[in-house]
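The values are calculated or read from the model by the stated rules, or taken from the named source; none is laboratory data. Keep in mind the model is a prediction, meaning the values are calculated, not measured. Heavy atoms of the whole protein, side chains included, go into the accessibility calculation; ligands, DNA and RNA do not. Shrake-Rupley method; radii C 1.70, N 1.55, O 1.52, S 1.80 Å.
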Amino acid sequence: IGYSELLLSGPTSLDDRELVLDYLRRIRTVAGDAADVVRRMRSFYRYSHTTELQPIDLNEMIDDVVKLTQPKWKDEALAHGVSVDVIIDNADVPGILGNGAELRELLTNLIFNAVDAITPKAAGVLRIGAEVENDFVVLKVADTGIGMDEKTHSQCLKPFFTTKMGSGTGLGLSIAYGIVQQHGGSMEIKSTLGEGTTFM
């Protein structure tokens, strides 16, 4: 929606063929991912991993998702007086096998969650990167937002749990956690109230 709104609100940008093609590619990617989300939600409690896995370059995926989510962490945030600095920590990591749509959704959910955590502070930093630790590829999303207390930390991955009064579904983090598990991974969360949260 963000990229289509940018095109509609600034018709002169339609004269820039490369920009329009870039936006259309991103819109197509997001639309395809949305269809996958709907399919997964239908089988939320009866998942079986029948999806074909493909080689994924995590650094490339991070760059793509940061660009795809820019309307949320930059444009929408600035419109509400919130400044979010996004830092990408690219490292030399091997490719992994995974489902591209699912992994993009995982990262998108974590970015949106981080932006929501930064919003009450009006400014913050979001760091995203991948690295190798003990023969595992680790994807990290860290924010300097409001952090979580022990109760929120213990329940944040449960379906339908949300602290966003009237504006959250409570599915973002639980779906992200499900995607990690479906890929044979694990999720660790470190959070300090008032200082921020890191998802690994």
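In this view, the solvent-accessible surface of K74, computed with a 1.4 Å probe and all protein chains in place, comes to about 90 Å².
Karplus-based coupling profile of the stretch 82-90, in residue order and whole Hz: 10, 10, 10, 9, 9, 10, 9, 9, 6, with θ = phi - 60° in 6.51 cos²θ - 1.76 cosθ + 1.60 and x standing for Gly or Pro.
Give the dimensionless ratio obtained when the Cα radius of gyration of the stretch 48-200 is divided by 2.2 N^0.38 Å. Numbers along the way, then the final one.
Details: Rg = 15.0 Å, N = 153, 2.2 N^0.38 = 14.9 Å.
Ratio of Rg to 2.2 N^0.38 Å for the stretch 48-200: 1.01.
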